[in-house]
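Right, one structure below, let's go through it.
The values are calculated or read from the model by the stated rules, or taken from the named source; none is laboratory data. The structure presented is a predicted model; accordingly, all values stated were derived computationally and were not measured. So basically every Cβ, Gly included, is an ideal-geometry build from the backbone, and we count neighbours across all protein chains shown.
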């Protein structure tokens, strides 16, 4: 059984991080260069960590499966990043961001982690501004803000609808600077396929060069995974097509615990599915809900009518009706489920009936079309490209889609997993968002972890280790891991199957969306737990992977990733089945209030579930980390 | 609108695709018929479908670069009917939808072509030269933790907006592929302009432009001869005006670098 010590420092909530920083061990500047650190992934968390650790003097190796770190999927985040600057003088504070995030997560995150996140949020804005990130400005030259869901203050900083791009390019520029100086060894086109553990500590990775197929061993004194989320387990999602779970899943199979895998975020404002061939769902930023109003027809009879033909009195602005104090800016999980309820009632719009309107007519009347174009023009353009419809003239149609995963590898307060020396940052870990993440908080967490947390906390671990990585890759542990990676590759390529990988991915996605998506039931999850192992058997028997191991082989890459998704999907269903309550993004139909809101069970489930791998075909072990709320009361979350 | 849309008519096209097994081997065009194409399908989704068909019939699928499929990561990189990122203005290949084509069309698909972008396989090219240019100087040196309060550096809205126009570059390389000189000057100009416009970028402005241009030249990219094919195909419609800004910055920096006195202790540590 894994030992889960959260290592939350004692003392008052607001002092924990400051005190912790002064008490943890340091590595002196001359010794830092003796330590080597592997960073896998180069999104916001990975790039910022690699750059900052190199600035500190550590030797860093950065691995990324994309052809450049600048292409990591953080690039696609649209709306913004939260920071408690209180530049608007509207009552924001560290405590308020802490509270909003904790409540937004439906009281399933750690208090101390969330408070630290809120504390460093302001530093992130400073850091990014200093790097030259072209944030939106007022005419005065000051930074501009917008509002996001789940908050009653305006604390979101943004760069048009491309905030993630600009923040990532900022972190990428910091990383590039250190690569240029020779302080970071950059390995693009390199996919991590195994974690190597020596004497119980993470000491390296096995990597496949995606261009040449070469499988190489890399050793280090510590390994950082910043490899993002696993939403592509649903096949269709807002994730990049290649985002995957492989790095964290292989770490799980080496003993790292997977925490709360069932916590998935379904984003309410995405462009609805159009056909079977579909590979991707496109997000329409949450920022649109600042000015757009969401509605469906009051009467089922109207759903096929042109929206302009539906009189104002016959429209149901259901978010404003049900949640008057937050209105269209209700948190994502709440807004998504409300949309689903409308569609379940038969009031959904569009060809499939799986859509609701997001209407800008009032905003255009109030602000004028040019102002709306300036705020959201690029999003309206994206909508037009995909649907060939003009959202200035008719409302957008939107529907929820998988967008983010709050679950991930379990980490302690230092962001170290239960495997010593293995650190996990950003979306890949589970730590800060509880059961639901608020908008504009993913960018914040990725950069908090990379710029301001890991540079301190990794020193505490390294100070207790002798630098010894150099000679390690000849050890049997490395050899064995590399051989098992090669064996899996050969097995996939030699499989006498008939079906392309994508067929299995689509089928897995359907099972997951149906049974482990927006609403879950005991019966549905039990049936998924029958279907997924059957799908795995079929995959093993019948998947066809053409080509060879020695070149760029995208089918082979995909096959390995989908194999891991199948295993992860099963664990997610198991986690969702065991968690007999509803909280945040995890909605069990059996556990709800009469008005359809989540009914938590704090007594039985006020904890983190951290699953531990027990070997192939074995049931994983469910470890528990109790969530002890010292400073906040777990209360019923209300946005009414 | 959609409620009254008639059922979408499916059609057939032929894809004429560049196939090349490896950098060293010669490539050639191969035709692949595609049927039941929906106008709402993206071009890359059509490639997905064709590839599944190839897999089932025991042929090797077409390798093509893609990732976000929403026009922001800059991974997708092919030319469609001779134009980088295909028909349409201000979009990347992943945002091309089949409604841009007609039944019976022969669609020619090939990789971005430039000496500095060697072909890896089929439609996939190596663009690490762009990363090298960034590493040479495409940054503002701002050590983590040393930043002043964000609002202590005021940036006028006009400057921030213009910097953002330049910063929108996705590093796809279409500008290079479209240019008869395979010039990377729009790419370099975008970064030099973004950082050079911001007050934070001033201390390193001269060093930056000199280092980036030098690295660009070394990587085998050509120079600009003012045809503006680059901005015409740019998926983010970045204007070639930034190239003028780059030239101005470069000439000024070159001039100053010859004149400026250099401290005898430059480079020495404290």
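Answer yes or no as to whether residue A:186 is part of a strand (DSSP E or B), within 12 Å of another protein chain (Cβ to nearest Cβ), modelled with pLDDT of 95 or more and touching a strand residue (DSSP E or B) at 6+ places or on another chain (Cβ under 7 Å).
Working: part of a strand (DSSP E or B): yes; within 12 Å of another protein chain (Cβ to nearest Cβ): yes; modelled with pLDDT of 95 or more: yes; touching a strand residue (DSSP E or B) at 6+ places or on another chain (Cβ under 7 Å): yes.
Yes, satisfied.
Kindly establish whether residue A:204 is away from chain B (no Cβ under 14 Å) and in a loop (DSSP other than H, G, I, E, B). First the steps, then the outcome.
Values: away from chain B (no Cβ under 14 Å): yes; in a loop (DSSP other than H, G, I, E, B): no.
Against the criterion (away from chain B (no Cβ under 14 Å) and in a loop (DSSP other than H, G, I, E, B)), residue A:204 does not qualify.
Considering segment B:133-143 alone, what residues qualify as being part of a helix (DSSP H, G or I) and facing chain A (nearest Cβ under 7 Å)?
B:134, B:135, B:136
Out of B:146, B:92, which single residue is within 12 Å of chain A (Cβ to nearest Cβ) and without any contact (Cβ under 8 Å) to a residue 24 or more places away in the chain?
None of the others qualify; the one that does is B:146.
Any chance you could count how many residues in segment B:65-77 are more than 8 Å from every other protein chain (Cβ to nearest Cβ) and modelled with pLDDT of 95 or more?
Total satisfying the criteria: 1.
Filter segment A:57-68 down to residues that are in contact with a strand residue (DSSP E or B) (Cβ under 8 Å, 6 or more places away or on another chain) and closer than 20 Å to residue A:194 by Cα, then give me how many there are.
Residues flagged as in contact with a strand residue (DSSP E or B) (Cβ under 8 Å, 6 or more places away or on another chain) and closer than 20 Å to residue A:194 by Cα within segment A:57-68 amount to 6.
Being modelled with pLDDT under 95 and within 11 Å of chain A (Cβ to nearest Cβ) is the requirement here; does residue B:40 meet it?
Working: modelled with pLDDT under 95: yes; within 11 Å of chain A (Cβ to nearest Cβ): yes.
The answer is yes for residue B:40.
Mind checking which residues of segment A:14-40 are surrounded by fewer than 19 Cβ atoms within 10 Å (Cβ to Cβ) and either under 14 Å from residue A:412 (Cα atoms) or touching a residue at least 40 places away in the same chain (Cβ under 8 Å) (or both)?
Passing the criteria: A:14, A:21, A:24, A:25, A:26, A:31, A:34.
Any residue at all in segment B:120-130 that's under 30 Å from residue A:144 (Cα atoms) and facing chain A (nearest Cβ under 7 Å)?
For segment B:120-130, residues under 30 Å from residue A:144 (Cα atoms) and facing chain A (nearest Cβ under 7 Å): absent.
Which is over 25 Å from the mean Cα position of the chain (by Cα), at pLDDT below 90 and assigned by TED's automatic domain parsing to the domain that holds residue A:373, of A:276, A:333, A:344?
A:276
Quick check, is residue B:170 part of a loop (DSSP other than H, G, I, E, B) and modelled with pLDDT of 95 or more?
Criteria met by residue B:170.
Could you name every one of the helices (runs of 4 or more DSSP H) located completely within segment A:290-408 that has at least 3 residues being closer than 29 Å to residue B:38 by Cα?
A:332-344, A:369-387
Restricting attention to segment A:149-166, which residues are modelled with pLDDT under 90 and more than 12 Å from residue A:92 (Cβ to Cβ)?
Across segment A:149-166, the qualifying residues are A:149, A:150, A:160, A:161.
Check A:45, A:54, A:49 and return the single one that is crowded, with 19+ Cβ neighbours inside 10 Å, in contact with a strand residue (DSSP E or B) (Cβ under 6 Å, 6 or more places away or on another chain) and within 30 Å of residue A:628 (Cα to Cα).
A:49
Can you tell me which residue in segment A:303-345 is farthest from residue A:393 (Cα to Cα), limited to those that are within 14 Å of another protein chain (Cβ to nearest Cβ) and out of contact with any helix residue (DSSP H, G or I) (no Cβ under 6 Å at 6 or more places or on another chain)?
Ranking the candidates gives A:303 first.
Here are some residues: A:82, A:89. Which one is within 14 Å of another protein chain (Cβ to nearest Cβ), touching a residue at least 40 places away in the same chain (Cβ under 8 Å) and closer than 24 Å to residue A:115 by Cβ?
Only one candidate passes the filter, namely A:82.
Examine segment A:129-140 for a residue that is closer than 19 Å to residue B:146 by Cβ, outside any loop (DSSP other than H, G, I, E, B) and within 12 Å of another protein chain (Cβ to nearest Cβ), and state whether such a residue exists. Walk me through it before giving the result.
The initial filter retains those residues of segment A:129-140 that are closer than 19 Å to residue B:146 by Cβ, namely A:129-133, A:135.
With outside any loop (DSSP other than H, G, I, E, B) added as a condition, the list becomes A:129-130.
Going one step further and asking which of them are within 12 Å of another protein chain (Cβ to nearest Cβ), we end up with A:129-130.
Scanning segment A:129-140 turns up at least one residue that is closer than 19 Å to residue B:146 by Cβ, outside any loop (DSSP other than H, G, I, E, B) and within 12 Å of another protein chain (Cβ to nearest Cβ).
In a loop (DSSP other than H, G, I, E, B), buried (at least 24 other Cβ atoms within 10 Å of the Cβ) and either modelled with pLDDT of 95 or more or assigned by TED's automatic domain parsing to the domain that holds residue B:176 (or both) - does that describe any residue in segment B:123-132?
Step one: filter segment B:123-132 for residues in a loop (DSSP other than H, G, I, E, B), giving B:123, B:126-127.
Narrowing the set further to residues that are buried (at least 24 other Cβ atoms within 10 Å of the Cβ) leaves B:123, B:127.
Filter once more, keeping what is either modelled with pLDDT of 95 or more or assigned by TED's automatic domain parsing to the domain that holds residue B:176 (or both): B:123, B:127.
Checked against the condition, which is being in a loop (DSSP other than H, G, I, E, B), buried (at least 24 other Cβ atoms within 10 Å of the Cβ) and either modelled with pLDDT of 95 or more or assigned by TED's automatic domain parsing to the domain that holds residue B:176 (or both), segment B:123-132 yields at least one hit.
Each row is one residue, and each column tells you yes or no for (1) in a helix (DSSP H, G or I); (2) facing chain A (nearest Cβ under 8 Å); (3) in contact (Cβ under 8 Å) with a residue 40 or more places away in the chain; (4) surrounded by fewer than 18 Cβ atoms within 10 Å (Cβ to Cβ).
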{"site": "B:102", "(1), (2), (3), (4)": "no, no, yes, yes"}
{"site": "B:114", "(1), (2), (3), (4)": "no, no, yes, no"}
{"site": "B:162", "(1), (2), (3), (4)": "yes, no, no, no"}
{"site": "B:175", "(1), (2), (3), (4)": "yes, no, yes, no"}
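Are any of the residues in segment A:452-459 part of a loop (DSSP other than H, G, I, E, B) and touching a residue at least 12 places away in the same chain (Cβ under 8 Å)?
no
Return a yes/no flag: does segment A:512-520 have any residue that is modelled with pLDDT under 95 and assigned to a loop (DSSP other than H, G, I, E, B).
There is at least one residue in segment A:512-520 that is modelled with pLDDT under 95 and assigned to a loop (DSSP other than H, G, I, E, B).
Just checking, does segment A:118-127 include any residue being closer than 24 Å to residue B:167 by Cα, out of contact with any strand residue (DSSP E or B) (no Cβ under 8 Å at 6 or more places or on another chain) and either in a loop (DSSP other than H, G, I, E, B) or at the interface with chain B (Cβ under 7 Å from one of its Cβ atoms) (or both)?
Looking through segment A:118-127, at least one residue is closer than 24 Å to residue B:167 by Cα, out of contact with any strand residue (DSSP E or B) (no Cβ under 8 Å at 6 or more places or on another chain) and either in a loop (DSSP other than H, G, I, E, B) or at the interface with chain B (Cβ under 7 Å from one of its Cβ atoms) (or both).
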